[in-house]
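Just so it is clear, none of the values below were taken in a lab; they were calculated from the coordinates. Computed from a predicted model, the values in this text were never measured in an experiment. Note: ideal-geometry Cβ built from the backbone for every residue, glycine included; neighbour counts use all protein chains shown.
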Amino acid sequence: MGKNRHKALGLSDEKVLEMYETMLLARRIDERMWLLNRAGKIPFVISCQGQEAAQVGAAFALDREKDYALPYYRDMGVVLAFGMTPKELMLSAFAKAADPNSGGRQMPGHFGQKSNRIVTGSSPVTTQVPHAVGVALAGKMEGKDLCTFVTFGEGSSNQGDFHEGANFAGVHKLPVIFMCENNKYAISVPIEKQLACEKVSDRAIGYGMPGVTVDGNDPLAVYEAVKEAADRGRAGKGPTLVETVSYRLTPHSSDDDDRSYRDREEVAEAKKNDSIITFAAYLKENKIFDDAKEKEMNDRIMAIVNEATDFAEAAPYADAESAMKYVYAE
Ligand SMILES: Cc1ncc(C[n+]2csc(CCOP(=O)(O)OP(=O)(O)O)c2C)c(N)n1
Ligand SMILES: [Mg+2]
């Protein structure tokens, strides 16, 4: 992945190690959730696996004190970087009362946390896109120096919400970063049956914004593209479309069996580009990481994952009497 590329981007050794640690934390929490699901302890998992580099690289390029994130269901890397904790994510997986996302009412992956400016989303895919445009418009009207960062899958880029939101943001030059996490599948539908154009980023020209496609397995490439998009947004130059290309390493969700629509060889081939392996190799190549530090990091993360699991499993459910809370005005 090259020599000291992070330094050329203004990223310190500590920063890129923190990036890697956030990616690895997301991966380990996700893996634990699959085990819990298969053990019958949690009902549902929808994975970030294969997209951690894109998610964390992008989040690190934003102002995490000011900017708003409107993530989609795979974005565990984004929400961890924005300040959601492993315990909070596990509370959501176990649908416990203290889950900050929805008090255990929504499916996991419906991220939302006001204190960290993570805007809650809805289950129909892409509804978060016009929301992000609206938040950016409000910020502009109130003279606030903020960008909104919204993500969605490549399948979801066919929804009207994407096109309507992108057009409005382009016309009004709003500081929105549209990031499409292209993982080559929309459930069982492969990319070539989803889009007639070559790249999702080709769509940007229709809305008067730049569109770039970057390697979604390379957190530094994603960092660079999103940083440029954020600078553009803050300078009043309007939105950008960033497409990150990687591969969905798991089935669509814990309720899907991907053996019915893709070859095992294809998945094995994609695993060779897994950013958890390739970015560790980059850090080692640049002498800021080694096998001992890797083991120490992994052990530290596993202790956090174990603690979060036990904490959430023991936490109380919401009272049945509270089921109607937040549904009707009180
Ligand atoms: C409007 C709408 N249509 C269909 C669905 C069912 N659905 C959930 S995820 C998904 C696939 C989305 O694929 P993509 O946008 O590529 O995201 P990925 O899951 O691959 O990250 C579909 C069809 C939905 N949630 N909302
Ligand atoms: Mg997809």
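General remarks:
- If you filter the stretch 199-211 down to residues that are assigned to a helix (DSSP H, G or I) and within 16 Å of ligand 2 (Cβ to nearest atom), you find that the one that is farthest from P175 (Cα to Cα) is V200.
- All positions within the stretch 165-197 that are of a type in the set (S, T, N, Q) and more than 16 Å from ligand 1 (Cβ to nearest atom): N167
- Qualifying residue in the stretch 177-198 (condition: more than 13 Å from ligand 2 (Cβ to nearest atom), over 21 Å from D75 (Cα atoms) and among the polar types (S, T, N, Q)): no
- Residue within the stretch 141-155 that is buried (at least 19 other Cβ atoms within 10 Å of the Cβ), within 22 Å of E243 (Cβ to Cβ) and among the polar types (S, T, N, Q) present: yes
Residues are listed down the side, and each one gets a yes or a no for (1) touching a helix residue (DSSP H, G or I) at 6+ places or on another chain (Cβ under 7 Å); (2) within 20 Å of A229 (Cβ to Cβ):
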position	(1), (2)
Q128	no, yes
V135	no, yes
E142	no, no
F162	yes, yes
I187	no, no
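- Criterion (within 16 Å of the chain's Cα centre (by Cα) and away from ligand 2 (no atom under 15 Å from the Cβ)) met by exactly one of A221, A268: A221
Per-residue answers, yes or no, for (1) more than 12 Å from ligand 1 (Cβ to nearest atom); (2) in contact with a helix residue (DSSP H, G or I) (Cβ under 6 Å, 6 or more places away or on another chain):
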{"site": "A204", "(1), (2)": "yes, no"}
{"site": "D231", "(1), (2)": "yes, no"}
{"site": "G236", "(1), (2)": "yes, no"}
{"site": "L241", "(1), (2)": "yes, yes"}
{"site": "T250", "(1), (2)": "no, no"}
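- Given (1) in contact (Cβ under 8 Å) with a residue 40 or more places away in the chain; (2) closer than 30 Å to P239 by Cα; (3) not basic (K, R), number of the condition D30 does not satisfy: (2)
- Residue in the stretch 66-73 that is surrounded by fewer than 22 Cβ atoms within 10 Å (Cβ to Cβ) and either in contact with a Lys or Arg (Cβ under 8 Å, 6 or more places away or on another chain) or of a type in the set (D, E, K, R) (or both) present: yes
- Residues that are hydrophobic (A, V, I, L, M, F, W, C) and under 19 Å from the mean Cα position of the chain (by Cα) within the stretch 271-300 comprise I276, I277, F279, listed in sequence order.
- Restricting the stretch 198-211 to residues that are among the aliphatic types (A, V, I, L, M) and touching a residue at least 24 places away in the same chain (Cβ under 8 Å), the residue that is surrounded by the fewest Cβ atoms within 10 Å (Cβ to Cβ): A204
- Applying a threshold of 8 Å to beta carbon distances and a minimum spacing of six or more residues, or different chains, the list of pairs starting in the stretch 118-147 at a residue that is free of Cβ contacts under 8 Å to residues at least 60 places away in the same chain and assigned to a helix (DSSP H, G or I) and ending at one that is among the acidic types (D, E) and crowded, with 17+ Cβ neighbours inside 10 Å reads V129/D161; P130/D161.
- Failed item, numbered, when V222 is tested on (1) of a type in the set (V, I, T); (2) buried (at least 24 other Cβ atoms within 10 Å of the Cβ); (3) within 12 Å of ligand 1 (Cβ to nearest atom): (3)
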